[in-house]
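FYI, it's all coordinate maths here, none of it is from the lab. Note that the structure is predicted; figures quoted are calculated from it, not measured. Because the Cβ atoms are built from the backbone with ideal geometry, glycine has one as well, and the counts that use them run over all protein chains shown.
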Amino acid sequence: MTTPSWHSLHGDTLLEGIPHGVVVMDRDLRIVRHNHAFEEVFGPSHGKFCYQVYKDREEECPDCPARATFADERQRVLEESGLDLHGQTVHYMAQLTPLRDDGDEVSHVAAITTDLTTTKRLQREYQTLFEKVPCYVTVLNRDRRVVKANEMFRRTFGEPRGEFCYKLFKHQHRECEDCPAAKTFADGGSYTSQHVGTSRDGKPTHYVVSTAPLLWGDDEITHVIEMALDVTAVTQMEAELHRASVFRKALMENLLDAIVVTDENERIVLMNKAAEELWNADRAELVGKKAPAEILPKKLQQADDDETVLLHDTTISSLDGETIPVRLAGINLHEKDKLLGGAVIAHDRREIKELEREKITAERLAAVGQTVAGLAHGIKNVLMGIDGGMYAFRSGMQKGDNERMLKGWQMLEENIDRISTFVKEFLEFARGRKPEVKLVDPNRIARKVVDLFRDKAAMAGIVLEAELQERIPFALMDEDGIHACLDNLVSNALDACEICDSPDRRVVVRTREADGKLILEVADNGAGIDYDIRKKVFTTFFSTKGANKGTGLGLLTTRKIVQQHGGKVSFESTAGEGSVFRLEFPRDRLPSLDDDETA
Amino acid sequence: MERPADKTVLVVDDEPNVREYLTMILQDAGFNVVEAGDGREALELVRETPPDFISLDLIMPNMSGHKLLYELRRDKDLARIPVVVVTAHAGDEMGKEDLQDLLDNRMISGPGTYLEKPVNPRNYVQCVKRALGLEIEDAGEEKIDLREELQDSMGQASPEAMKKALEILRRSQEDS
């Protein structure tokens, strides 16, 4: 064994290049040189004695290995523990080498000191990482047997006991076709692939498996480290997401309502079959392009950015120019504050509109039918009045009773008057008039009616007032018609109050908006209607107001006008407490300006 | 033998003309008559001074005849007062159910318990008299009424029925 000469070690560069602490001491054990790596552990040591530096002692150690090296001039390696510059225990390995001077005498000893404390820590750290990392870590040999496994693996699969990797993970008896460990053994590279294994309780488990070679020098790879991450939960979520997406697509596609989804730049990203049909469009051509005005009409853009616009009764134009009645909703899609895009949902109302029109016609015909049937009965009372008049006149004449004759004559006159009023009103009712529809303020009509009856009510000592909901939207209505309806109801209510002796009598005209309906109400606390009369209120020319008060046509006319507006009349009444008559107009059934309907 | 002058009839109807007419007929037949314009007024009158007979309209404000009858029948004393219902609505949607209900619940029963408007004055008076057990008029007047009745039924008859009647009349003349 050749021993390097002291001079050959004499360069700072060489000394500093060694990644270990190096000191050179003379025969007195005094340190004459050391490198930076040494100083990092033991502090500046030049001129100090070896035992002072390594052990913080003031006397030479018994069995000093340096002394031995001076004596036998041999290299030796030893493990020792001492104290570092901070006073902490430090384990080190020292290799002592005798250095010869020019006269070939051993004049110095070099100690190459390796701090074992760091290595041990690293070992511990590596061990901890290996054990605690939250995935299955194993070391495989070339046979794919698991020679070492971490804590998580052992917890799940038990001690590997040299079992095959594929047996443990997959309950398989043969190596997997795409074994990443095999690839790593072959070329030393790292590989990652997905595998489906079987958990201990037999459930399929999804893994992402990575392998890396464990290298010991330049030798052939004898072991591979394999990490398997259980991604079953993620895979399940992916599958769930996929299912949800398939479900959503099928739902959208088969929905009867038309749906168009756009991105934040109003480019169409999705259009379902119903939308294709409604707008008579070819989605293959439209998707990816900016939505045309037919699909994204201006009326949907009027709303605030974060609001959903819902237009119950509106129209759209198809791409070939057809006007289609729809219920239209525009939705802005947000994720937090970011606008992702929008959706337009359109419900085709052509069929419903047709049905509604038919229903309104049918209701109207039914009302006319009932009215005609009622006419004969309504006339009976008049006929009896005429009979009475004739009886009184004739018997008065026979008896020479002038007063009775006069009474008879009066009765005849009255009833003939009633007949002519009756016929006139009936003709009016039957002929009707073409409603002149325009945008009107329902509150204005209500106020006008209240003004009209104010004097009459005051004279009868009845309070008449209006309770109007503020800012009710205007409605397309026949103003005169609605006026006539309220006239009738207010007039009835005043009559109901007049035949009742309560001291605090009042009639209230109300307007309000609820559930997409415009509601007009006339309430009174007058006589009310008996249960047995209530059900007949609309069926015939019915009047309980006594002679010269009404023909019983008022409510029928009211109902007819309300029906022309797509609405209905209802009422609640309790004998002795009063009545509420209610006209309800669903906004989406109100006539439109282009409705060409005649009464 | 009791006479109409011993009896008081309450006429209940909301139509003043009808009320006056019925009153005249009854007064001409010799009855004492009181009037009421609706059910409630009638109930008050009946409770004050029970009449011997009530002529009752069904459909009226404040209290219908239907309801009034139920009120009267609940009271043991008033329940005995005979009633004839005079209605314009015996056969139509408005009155049929009420009338049927009254008949079904025996609120009114027996022949001549309801008359349909317009009423024949003679039938009306006979109906009241029968219910009160009074003597019905002599045959002289009967004849006149027969002619009236014939006229009535002719007014309602179909042309086919008239033809048939005419044939029967001719045949009976040939036979005699």
Set A:K424/B:K117; A:K289/A:K336; A:K290/A:K438; A:K290/A:K336, cut-off 28 Å on Cα-Cα distance; pairs above it are A:K290/A:K438
Of all GluC sites (Glu not before Pro) in region A:410-509, the ones in DSSP coil with at most 11 other Cβ atoms within 10 Å are A:E436, A:E470
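Tell me, in nm to one decimal, what length is gained between A:R248 and A:R587 on full extension, where the rule is 0.36 nm per residue of separation less the Cα-Cα distance? Before the final figure, lay out each step's value.
Details: separation 339, 0.36 × 339 = 122.04 nm, distance 3.29 nm.
Result for the pair: 118.8 nm of gain on full extension.
Return the subset of A:K148/A:K203; A:K380/B:K163; A:K407/A:K560; A:K249/A:K517 for which the Cα-Cα distance in this structure is over 32 Å, preserving the input order.
The answer is A:K407/A:K560; A:K249/A:K517.
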Checking region A:398-497 for chymotrypsin sites (Phe, Trp or Tyr not before Pro) in a loop per DSSP with at most 15 other beta-carbon atoms within 10 Å yields A:F474
extent check for the protein assembly as shown: Cα max minus min per principal axis, descending, whole Å, gives 187, 63, 59
Here the gain from full extension of A:Q194 to A:E413, 0.36 nm per residue of separation minus their alpha-carbon distance, amounts to 68.3 nm
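Beta carbons within 10 angstrom, averaged per residue: use that to sort the peptides A:348-354, B:167-173, A:444-450, highest first. Numbers along the way, then the final one.
Working: A:348-354: 14.6, B:167-173: 9.6, A:444-450: 18.9.
Most protected by this proxy first, the peptides run A:444-450, A:348-354, B:167-173.
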Rounded to a whole number, the mean other protein chain Cβ count within 10 angstrom for residues of B:17-30 is 5
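Using alpha carbon coordinates only, what is the Rg to Rh ratio of region A:255-348, with Rh defined as the Kirkwood radius? Please report the intermediate quantities before stating the final value.
On the way: Rg = 12.3 Å, Rh = 13.1 Å.
Expressed as Rg/Rh, it is 0.94.
How long are the semi-axes of the equivalent ellipsoid of region A:106-170, defined as square roots of 5 times the Cα gyration tensor eigenvalues? Whole Å, largest first.
Working: eigenvalues 293, 45, 9 Å².
Each semi-axis is √(5λ); the values are 38, 15, 7 Å.
Assuming R0 = 22 Å, what is the FRET efficiency of B:T49 and B:Q27, from their Cβ-Cβ distance, to the nearest 0.05?
Details: r = 18 Å, r/R0 = 0.80.
In this case the efficiency is close to 0.80.
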Kirkwood Rh for region A:43-175 from C-alpha pairs, in Å, is 19.0 Å
Computed for chain A: size of charge dipole around the Cα centre, +1 on C-beta of each Lys and Arg, -1 on C-beta of each Asp and Glu, debye to nearest 20, value 3140 debye
Here FRET efficiency (C-beta to C-beta, A:E80 to A:T156, R₀ 45 Å, nearest 0.05) is 0.55
Protection proxy (average C-beta count within 10 Å per residue), highest first, orders A:517-529, A:266-278 as A:517-529, A:266-278
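Between A:V287 and A:K434, 0.36 nm times their residue separation minus their Cα-Cα distance comes to what?
Values: separation 147, 0.36 × 147 = 52.92 nm, distance 4.71 nm.
Length difference between fully extended and current span is 48.2 nm.
With a cut-off of at most 14 other beta carbons within 10 Å, and DSSP calling the residue loop, which trypsin sites (Lys or Arg not before Pro) in region B:1-109 qualify? Please list them. Before the final figure, lay out the partial values.
Numbers: sites: B:K7, B:R19, B:R40, B:R47, B:K67, B:R73, B:R74, B:K76, B:R80, B:K96, B:R106; in loops: B:K7, B:K76, B:R106.
Here the sparse-neighbourhood loop sites are B:K76, B:R106.
Divide the volume of the convex hull of the Cα atoms of region A:224-264 by its number of residues and quote the answer in cubic angstrom per residue. Present the calculation step by step, with values, prior to reporting the outcome.
Values: hull volume 4.6 nm³, N = 41.
Dividing the Cα hull volume of region A:224-264 by its residues yields 113 Å³.
Arrange the following residues from fewest to most other Cβ atoms within 10 Å of their Cβ: A:L319, A:L590.
A:L319, A:L590
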Here, A:E465 and A:K399, labelled 7 Å along Cα→Cβ, have an inter-label distance in nm of 5.3 nm
Taking a straight Cα-to-Cα line shorter than 20 Å from A:K456, and setting aside same-chain lysines fewer than 8 residues away, one finds A:K448, A:K545, A:K549
In nm, the gap between the two label points placed 7 Å beyond Cα toward Cβ at A:A514 and A:E59 is 10.9 nm
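Given a cut-off of under 8 Å on Cα pairs at least six residues apart, what relative contact order in percent is computed for chain A? Write down the numbers at each step before the final one.
Working: 1051 pairs, mean separation 38.2, N = 599.
This gives 6 percent for chain A.
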Taking the alpha-carbon centre of each part, the distance from region A:28-51 to region A:190-211 in Å is 55 Å
Among A:L96, A:A110, A:L83, the residue whose Cα sits farthest towards the positive end of the charge dipole of region A:29-127, when +1 is placed on the Cβ of each Lys and Arg and -1 on the Cβ of each Asp and Glu, is A:L83
Summing -39500 (n - 2.57) over every DSSP H run of at least 4 in chain A, dividing by its residue total and rounding to the nearest 500, the 222 nm mean residue ellipticity is -12500 deg cm²/dmol
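May I ask you to derive the FRET efficiency for A:H334 and A:N280 from their Cβ-Cβ distance with R0 = 22 Å, giving the value to the nearest 0.05? Please report the intermediate quantities before stating the final value.
On the way: r = 31 Å, r/R0 = 1.40.
About 0.10, to the nearest 0.05.
Residues of B:97-105, mean number of Cβ from any other protein chain within 10 Å of their own Cβ, rounded to a whole number? Intermediate results must be reported in sequence, preceding the final value.
Working: counts 3, 3, 0, 0, 1, 0, 0, 0, 0.
Mean number of neighbouring Cβ atoms from other chains: 1.
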In nm, the gap between the two label points placed 7 Å beyond Cα toward Cβ at B:Y70 and A:I352 is 4.2 nm
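How big, in percent, is the set of alpha carbon pairs in region A:13-92 lying more than 16 Å apart?
On the way: 1655 of 3160 pairs.
Value for region A:13-92: 52 percent of Cα pairs lie more than 16 Å apart.
Would you mind ranking A:T308, A:T558 by Cβ crowding within 10 Å, fewest neighbours first?
A:T308, A:T558
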Rounded to the nearest Å, the spacing of the alpha-carbon centers of region B:43-88 and region A:218-242 is 97 Å
